[in-house]
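Take a look at the structure set out below.
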Number of protein chains: 2
Amino acid sequence: MALGWQDVQAEALRRIRSREWAPGEQIPNEADLARELGCARATVNRALRALAEAGWLERRRRAGTRVAPAPLRRAQVAIPLIRKEIENRGQTASHAVIDRNRPPLPPPIRAALGLPATAPVERVRTLYLADGRPFACEDRWVHLAAVPDFADAPLDRIDPNEWLVRNAPFDHGTLDYCAAPATAEDARHLSCETGAAIMVLTRTTFGPAAPVTHVRLAYAPGYHLRLEI
Amino acid sequence: MALGWQDVQAEALRRIRSREWAPGEQIPNEADLARELGCARATVNRALRALAEAGWLERRRRAGTRVAPAPLRRAQVAIPLIRKEIENRGQTASHAVIDRNRPPLPPPIRAALGLPATAPVERVRTLYLADGRPFACEDRWVHLAAVPDFADAPLDRIDPNEWLVRNAPFDHGTLDYCAAPATAEDARHLSCETGAAIMVLTRTTFGPAAPVTHVRLAYAPGYHLRLEI
DNA sequence: GTTTCCGTTATGTATAGACATAAAAGGAAC
DNA sequence: GTTCCTTTTATGTCTATACATAACGGAAAC
């Protein structure tokens, strides 16, 4: 057997790193490379496509393939369940619903979800605990028209985050992390001082047809968001 | 005939979302699906592989393909140049080197890089400005054995971040975002108050053979890390 | 000179067929 | 029952071929 696509990928990466193929420069076309390396064009294609997805190459039909000028690397961040996130740290996860009701939709939340003021929404505030100590507190608004069953979700047994992940798969959404001072309410729930620097995640998710949920998640001090690249 | 892998992917995704294929459940094998949909197995393979990479499916040889029980979605975060990050906000980027020298390597940095105390390193502290206002301040340690040319980098013209991205392509690394109170030094450079909640990024990158750089980047208050999912 | 059109070219993708490989399942030896 | 081995099976991958598609570049029409 000849080379596998991973071998081709490794060889291409070697040439990129050794500057044999310099940044911005066009590399040989797939057919030539296949001939040179002694494999099928499909194999070269698989390798180069993977490198393009990883940000090392830029490919355009007819224009050929060139080395990315400033290799813009992408990091992947897995968005796990909060429960898993706690368990991955070797701690025991639990949660407590603080309150659950249907207040009028405040304009900022309304805007984020793109809903009319009359849309049926439920608000749930939840405290997540790791080994019994506060880990994060969540203020979540759920669009009931998109997930009618949420009204009956047994949130004492399964946390809102996990219930929604399991029962309302979504299309797309946005995450926004920022550092902020803990509000008085955050501080009360997280047992920290008002104004302490905490990580706040704001997430809005949309289903195929309608917005699903908007959530503000305030992590207790000391939270780290780790990415691999 | 006309069925492309994207069509197959869309159909599979429809079945996952409609719960025709329920979470945790095993789906038909590639050969059967290909026969059912009227395309080649390779086409089905391409579609299902893409869905697995996106986190919708879990595949194992011989064991078949099943719908991910709790679709663990991954978000991609592009790690742009700081300069680009500023320019993408429609502002003008500039930078100023605060100091550049070769102090002894402090143990925490040494541990992060995995280097002996005698390793040749250069420390550069840089302030990044957006429209002339402080955007972030950087404390960077560069392993000169891995990037000897760094000693001659004209950091008045090109910022350290960009110089390294362009001249020292790396293999892998870790990013760590956390919310922290601004130190007195952060506060002085960023024109904010000591103790203000700021986002701190700690990044360590490694080349094929040796560690390259360790950097602590403190963003001015108000910084947001946005991800699309 | 400008616009339109068309051929060339590199990548994108589909296909059938083949073999490789991991892992589960079942059977044989003990 | 436990261990080891063999079969079976679904995914992983390579190959050769073919056609699709985007885009560059030049020729033709005006």
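The values are calculated or read from the model by the stated rules, or taken from the named source; none is laboratory data. This is a predicted model, so every value here is computed, not measured. Here the Cβ positions follow ideal geometry from the backbone for every residue, glycine too, while neighbour counts run over all protein chains shown. Note: areas computed on protein heavy atoms with side chains; ligands, DNA, RNA excluded. Shrake-Rupley method; radii C 1.70, N 1.55, O 1.52, S 1.80 Å.
A few notes on this one:
- Of all residues in region A:116-143 being of a type in the set (A, V, I, L, M) and open to solvent by 20 Å² or more (accessible area, probe 1.4 Å), the one that is farthest from A:Gly207 (Cα to Cα): A:Leu129
- The C-beta contact set for region B:50-67 (first residue within 11 Å of another protein chain (Cβ to nearest Cβ) and without any contact (Cβ under 8 Å) to a residue 40 or more places away in the chain, second residue within 7 Å of DNA strand D (Cβ to nearest atom) and open to solvent by 20 Å² or more (accessible area, probe 1.4 Å), distance under 8 angstrom, 6+ apart or interchain) is empty.
- Within this structure, B:Tyr177 fails the test of being under 21 Å from B:Glu87 (Cα atoms) and modelled with pLDDT of 95 or more.
- Filtering region A:2-14 for residues that are away from chain B (no Cβ under 11 Å), more than 12 Å from DNA strand C (Cβ to nearest atom) and touching an Asp or Glu at 6+ places or on another chain (Cβ under 9 Å) leaves a non-empty set.
- Selection count where residues are among the polar types (S, T, N, Q) and closer than 19 Å to B:Ala153 by Cβ, scope region B:84-120: 2
- When restricted to residues that are of a type in the set (A, V, I, L, M, F, W, C) and part of a loop (DSSP other than H, G, I, E, B), region A:180-229 contains 7.
- Criterion: at pLDDT 95 or above, in the same structural domain as B:Asp99 (by TED's automatic domain parsing) and touching an Asp or Glu at 6+ places or on another chain (Cβ under 6 Å) - qualifying residue of B:Thr183, B:Thr194, B:Thr202: B:Thr202
- Yes/no for B:Ile27 being away from DNA strand C (no atom under 13 Å from the Cβ), without any contact (Cβ under 8 Å) to a residue 60 or more places away in the chain and within 28 Å of A:Phe170 (Cα to Cα): yes
- Test: residue in region A:61-82 that is away from DNA strand C (no atom under 16 Å from the Cβ) and assigned to a helix (DSSP H, G or I): yes
- Boolean, B:Ile86 is free of Cβ contacts under 8 Å to residues at least 60 places away in the same chain, surrounded by 14 or more Cβ atoms within 10 Å (Cβ to Cβ), more than 16 Å from DNA strand D (Cβ to nearest atom) and β-branched (Val, Ile, Thr): yes
- Residue identified as more than 27 Å from A:Phe170 (Cβ to Cβ), within 12 Å of DNA strand D (Cβ to nearest atom), open to solvent by less than 30 Å² (accessible area, probe 1.4 Å) and not basic (Lys, Arg) among B:Ala47, B:Ala34, B:Ala42: B:Ala34
Yes/no per residue for (1) in contact with a Gly (Cβ under 8 Å, 6 or more places away or on another chain); (2) more than 14 Å from chain B (Cβ to nearest Cβ); (3) within 25 Å of B:Ala54 (Cβ to Cβ); (4) of a type outside the set (Asp, Glu):
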residue	(1), (2), (3), (4)
A:Ala130	no, yes, no, yes
A:Tyr177	no, no, yes, yes
A:Leu190	no, no, no, yes
A:Phe206	yes, no, yes, yes
A:Tyr223	no, no, no, yes
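- Taking region A:133-179 as the range and being β-branched (Val, Ile, Thr) and assigned to a strand (DSSP E or B) as the test, the residues that pass are A:Val142, A:Thr174.
- Leading residue by the ranking (nearest to the chain's Cα centre (by Cα)) among those in region A:22-31 that are closer than 15 Å to A:Val67 by Cα and open to solvent by 40 Å² or more (accessible area, probe 1.4 Å): A:Pro23
- Verdict on B:Arg19 being on the phi > 0 side of the Ramachandran plot, within 13 Å of chain A (Cβ to nearest Cβ) and away from DNA strand D (no atom under 16 Å from the Cβ): yes
- Filter pass, A:Arg89 being under 22 Å from the mean Cα position of the chain (by Cα) and not assigned by TED's automatic domain parsing to the domain that holds A:Tyr177: no
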